[in-house]
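Visitor: Take a look at the following structure, please.
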Amino acid sequence: MNYDALGFDVTAIFELEIAANALSETTSKLRDDRRMVAIYRVTGDHDVVAIGKYENTTEMSDQVQVFMTNSAIEQTNVSVVFEAISEFEPMEFESVASVRS
């Protein structure tokens, strides 16, 4: 899907540290947010990495404020994407027969 063509020009990558007792509920809410195009539980310093698409920086800033005022989210790091070099490209697979050999 070409999000830019649909008017979603701003991509933000959110790294979230979430309280252990709120992880399931928080990730469910993220999943219900139509602006989130990918959500990952990860290892490392953060619990979740989420990628959001926004029409403008004001809309993205509103999302940051939601995260910062949510008591279940203990820390938020945000990166704004300047340029998407490759995004959601389909994977190429060898034929099934050669993979099984």
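Visitor: Would you confirm whether or not the stretch 91-99 contains a residue that is under 23 Å from residue 5 (Cβ atoms) and either modelled with pLDDT under 95 or of a type in the set (S, T, N, Q) (or both)?
Guide: Checked against the condition, which is being under 23 Å from residue 5 (Cβ atoms) and either modelled with pLDDT under 95 or of a type in the set (S, T, N, Q) (or both), the stretch 91-99 yields at least one hit.
Visitor: Does residue 47 count as surrounded by 15 or more Cβ atoms within 10 Å (Cβ to Cβ) and out of contact with any Cys (no Cβ under 8 Å at 6 or more places or on another chain)? Walk me through it before giving the result.
Guide: Numbers: surrounded by 15 or more Cβ atoms within 10 Å (Cβ to Cβ): yes; out of contact with any Cys (no Cβ under 8 Å at 6 or more places or on another chain): yes.
Spelling it out, residue 47 is indeed surrounded by 15 or more Cβ atoms within 10 Å (Cβ to Cβ) and out of contact with any Cys (no Cβ under 8 Å at 6 or more places or on another chain).
Visitor: From 50, 38, 19, grab the single residue that is over 26 Å from residue 4 (Cβ atoms) and of a type in the set (Gly, Ala, Ser).
Guide: When all the criteria are applied, what remains is 19.
Visitor: Further question: Search the stretch 1-47 for residues being in contact with a Lys or Arg (Cβ under 9 Å, 6 or more places away or on another chain) and of a type in the set (A, V, I, L, M), and hand back the single one that is nearest to residue 74 (Cα to Cα).
Guide: 23
Conditions tested, residue by residue: (1) of a type in the set (Gly, Ala, Ser); (2) at negative phi; (3) in contact with a strand residue (DSSP E or B) (Cβ under 8 Å, 6 or more places away or on another chain).
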residue: 26; (1), (2), (3): no, yes, yes
residue: 30; (1), (2), (3): no, yes, yes
residue: 34; (1), (2), (3): no, yes, no
residue: 40; (1), (2), (3): no, yes, yes
residue: 44; (1), (2), (3): yes, no, no
residue: 49; (1), (2), (3): no, yes, yes
residue: 55; (1), (2), (3): no, yes, yes
residue: 62; (1), (2), (3): no, yes, no
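Visitor: Still on this structure, please answer the following. Quickly run through the stretch 84-97 and pick out the residues that are surrounded by 10 or more Cβ atoms within 10 Å (Cβ to Cβ) and acidic (Asp, Glu). I'd like the intermediate steps shown before the answer.
Guide: Of the stretch 84-97, the ones surrounded by 10 or more Cβ atoms within 10 Å (Cβ to Cβ) are 84, 87-88.
Selection gives 87 alone.
Visitor: If you check residue 17 against the conditions, is it in contact with a His (Cβ under 6 Å, 6 or more places away or on another chain), surrounded by fewer than 17 Cβ atoms within 10 Å (Cβ to Cβ) and of a type in the set (Asp, Glu)? Give the derivation first.
Guide: Numbers: in contact with a His (Cβ under 6 Å, 6 or more places away or on another chain): yes; surrounded by fewer than 17 Cβ atoms within 10 Å (Cβ to Cβ): yes; of a type in the set (Asp, Glu): yes.
Taking the combined requirement at face value, the residue satisfies it.
Visitor: Tell me whether the stretch 60-83 contains one or more residues that are within 15 Å of residue 11 (Cβ to Cβ), more than 12 Å from the chain's Cα centre (by Cα) and loosely packed, with under 11 Cβ neighbours inside 10 Å.
Guide: yes
The values are calculated or read from the model by the stated rules, or taken from the named source; none is laboratory data. Here the structure is a predicted model, which is why all the values come from computation and not from measurement. Ideal geometry is used to build each Cβ from the backbone, glycine not excepted, and the neighbour counts take in all protein chains shown.
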